[in-house]
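Structure, as structure tokens:
The values are calculated or read from the model by the stated rules, or taken from the named source; none is laboratory data. All values derive from a computational prediction rather than experimental measurement. Cβ: placed from backbone, ideal geometry, glycine included. Neighbour counts: every protein chain shown. Keep in mind that these areas ignore ligands, DNA and RNA; they rest on the heavy atoms of the full protein, side chains included. Shrake-Rupley method; radii C 1.70, N 1.55, O 1.52, S 1.80 Å.
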Amino acid sequence: MADRVTVIGWDGSPLTRAATAALSAATLVAGAAHHLALPEVPQAAERIRLGSIDLAARRIAGHRGSAVVLADGDPGFFGVVRTLHAPEHGLEVEVVPAVSSVAAAFARAGMPWDDAQVVVAHPRTLRRAVNVCRAHHKVAVLTSPGAGPAELALLMEGVHRTFVICEELGTERERVTVLTSDKTADHTWRDPNVVIVIGGGPETAATGAWIAGREPVHPRGARGWALPAGTYGPVAAEPGEGESPGLRAAQLARLGPRTGDLVWDIGCGSGALAVEAARFGAAVLAVDSDPDACTRTTAAARTFQVPVQVVRGRAPHVLERLPEPDVVRIGGGGVPVVTAVAARRPERIVTHASNRDEAEALGAALSENGYTVECALLQSVELDTSAWVERERSVVFLLSALRSDLAP
């Protein structure tokens, strides 16, 4: 029985000496059709078209002889190596890597990629991949059938991005196309491909960057979150009751925004919560009927160099045309807005009330629409430390709701 398999990465370049030697001794070769057609594959070897990696691994484990798996690019980067390494297969894996398709795509585009996010798009993860493209300046998307450039572009309606679409890298049919996202859905694209999605703010990796991905440095040297409202720019003459940093901290803690999420911030006010959610890596739609609030939110996002899509309109009607949210902060609008949001079935909803009657009404609306509700009375007191006297007091009811099918 085979207890060892050699995985060879292929990027269209001539195979290395190590790869050629492993192939020449192979009695079983697994790969895609274009891999199995390579002249280096022995004529007498058993050939397996790769579909299910788990099924191929079981075939390899039961094979008497020398097994080789061919895969595009670097098979250790979102590739077959992880599955073959699974303990239930009992295989020892040796890897002969090649240039990853992501590295090749950025090379074709002539762009650096140390500041890029990399995601895999399947039909089941497509929406989360799109949210990453909304939230980050530079994203490489490894696509699949049913989750390709056209599907990405359709879900990004209203968000302008540039798509660099790399088809069949390393083959004679290789093609690289640059289009804006609004034009991409009009074409049919070949698989497999890599799509580089560009836009959503300035590049975030400056000279001297020390970590791959998004550069964790923010303007004004800001560290932490739930910062004072003035950190984000001029505030309204009469800031709303939901603008206090303490309440914002509690709301963010219960929302838990993360990369791949889409956050709705309804009644965005100063834009502070929207910007802080974006700083956690989430995509954010900030909604407000007040044009000044929309302007402040846009300016705050620009200051902190995070992409926040600002939508001017009055909830609940404006919500009908927005893409599906993962978590929602409701800054106002009462029961009608809470009910409309609950109908979209986000995982979590957070809102607040100024008195107990209002809190009970909001909590009842959430419970009746399939959410498990918690409520806390938050009181914060700001002190003037020069005299240690009370400067400002804030009291608010915080409601946090978890979709009942997710509740413990």
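A Cβ distance below 6 Å, combined with a sequence gap of six or more or placement on separate chains, defines the contacts here; from the stretch 291-316, residues that are modelled with pLDDT under 95 and open to solvent by 60 Å² or more (accessible area, probe 1.4 Å) reach residues that are assigned to a loop (DSSP other than H, G, I, E, B) and of a type in the set (Gly, Ala, Ser) in the pairs Gln305/Gly201.
Among the residues of the stretch 78-88, is any in contact with a strand residue (DSSP E or B) (Cβ under 7 Å, 6 or more places away or on another chain), modelled with pLDDT of 90 or more and over 26 Å from Val141 (Cα atoms)? Among the residues of the stretch 78-88, not one is in contact with a strand residue (DSSP E or B) (Cβ under 7 Å, 6 or more places away or on another chain), modelled with pLDDT of 90 or more and over 26 Å from Val141 (Cα atoms), which makes the answer no.
Taking Arg348 as the residue in question, decide whether it is open to solvent by 60 Å² or more (accessible area, probe 1.4 Å), modelled with pLDDT of 95 or more and under 24 Å from the mean Cα position of the chain (by Cα). It is true that Arg348 is open to solvent by 60 Å² or more (accessible area, probe 1.4 Å), modelled with pLDDT of 95 or more and under 24 Å from the mean Cα position of the chain (by Cα).
Exactly one residue out of Gly65, Gly76 is under 26 Å from the mean Cα position of the chain (by Cα) and outside any helix (DSSP H, G or I), and it is Gly76.
Could you list, in sequence order, all residues of the stretch 380-408 that are touching a strand residue (DSSP E or B) at 6+ places or on another chain (Cβ under 8 Å), more than 25 Å from Val327 (Cβ to Cβ) and not β-branched (Val, Ile, Thr)? Correct list: Glu382, Leu383, Asp384, Glu390, Arg391, Glu392, Arg393.
Would you confirm, using the coordinates I've provided, whether Ala18 is surrounded by fewer than 14 Cβ atoms within 10 Å (Cβ to Cβ) and either in a loop (DSSP other than H, G, I, E, B) or in contact (Cβ under 8 Å) with a residue 60 or more places away in the chain (or both)? Answer is yes for this residue. Scanning the stretch 39-59 for residues that are in a loop (DSSP other than H, G, I, E, B) and either more than 20 Å from Gly79 (Cβ to Cβ) or open to solvent by less than 30 Å² (accessible area, probe 1.4 Å) (or both) yields Pro39, Val41, Pro42, Gln43, Ala44, Ala45.
Residue by residue through the stretch 351-369, note down the ones that are touching a Phe, Trp or Tyr at 6+ places or on another chain (Cβ under 8 Å), surrounded by fewer than 14 Cβ atoms within 10 Å (Cβ to Cβ) and either in contact (Cβ under 8 Å) with a residue 60 or more places away in the chain or not charged (D, E, K, R) (or both). Scanning the stretch 351-369 gives Ser354, Asn355. Meeting the requirement of 3 or more residues that are modelled with pLDDT of 75 or more and open to solvent by less than 30 Å² (accessible area, probe 1.4 Å), the strands (runs of 3 or more DSSP E) wholly within the stretch 159-251 are 162-167, 193-198. Checking each residue in the stretch 317-339 for being farther than 12 Å from Gly267 by Cβ and either open to solvent by 30 Å² or more (accessible area, probe 1.4 Å) or in contact with a His (Cβ under 6 Å, 6 or more places away or on another chain) (or both) picks out His317, Glu320, Arg321, Pro323, Glu324, Val335, Pro336, Thr339.
Residues that are open to solvent by less than 60 Å² (accessible area, probe 1.4 Å), of a type outside the set (Gly, Ala, Ser) and under 19 Å from Val41 (Cβ atoms) within the stretch 60-83 comprise Ile60, His63, Val68, Val69, Leu70, Pro75, Val80, listed in sequence order. Every condition in (1) farther than 17 Å from Pro245 by Cβ; (2) exposed (fewer than 15 other Cβ atoms within 10 Å of the Cβ) is met by Ser400 except one, and the failing one is (2).
Residues that are within 15 Å of Ala56 (Cα to Cα) and either open to solvent by 10 Å² or more (accessible area, probe 1.4 Å) or part of a loop (DSSP other than H, G, I, E, B) (or both) within the stretch 1-15 comprise Met1, Ala2, Asp3, Arg4, Thr6, listed in sequence order.
Taken together, Pro323, Pro291 contain a single residue that is touching an Asp or Glu at 6+ places or on another chain (Cβ under 9 Å) and farther than 22 Å from Leu227 by Cβ, which is Pro323.
In the stretch 359-408, of all residues being part of a loop (DSSP other than H, G, I, E, B) and within 30 Å of the chain's Cα centre (by Cα), the one that is farthest from Ala342 (Cα to Cα) corresponds to Pro408. Annotation note: Cβ proximity below 7 Å between a residue of the stretch 116-140 that is free of Cβ contacts under 8 Å to residues at least 60 places away in the same chain and a residue that is of a type in the set (S, T, N, Q) (sequence gap 6+ or interchain) occurs for Ala121/Thr143; Ala121/Ser144; His122/Ser144; Val139/Gln117.
Within the stretch 252-269, how many residues are open to solvent by 10 Å² or more (accessible area, probe 1.4 Å), over 16 Å from Ala135 (Cα atoms) and not aliphatic (A, V, I, L, M)? Within the stretch 252-269, residues that are open to solvent by 10 Å² or more (accessible area, probe 1.4 Å), over 16 Å from Ala135 (Cα atoms) and not aliphatic (A, V, I, L, M) number 3.
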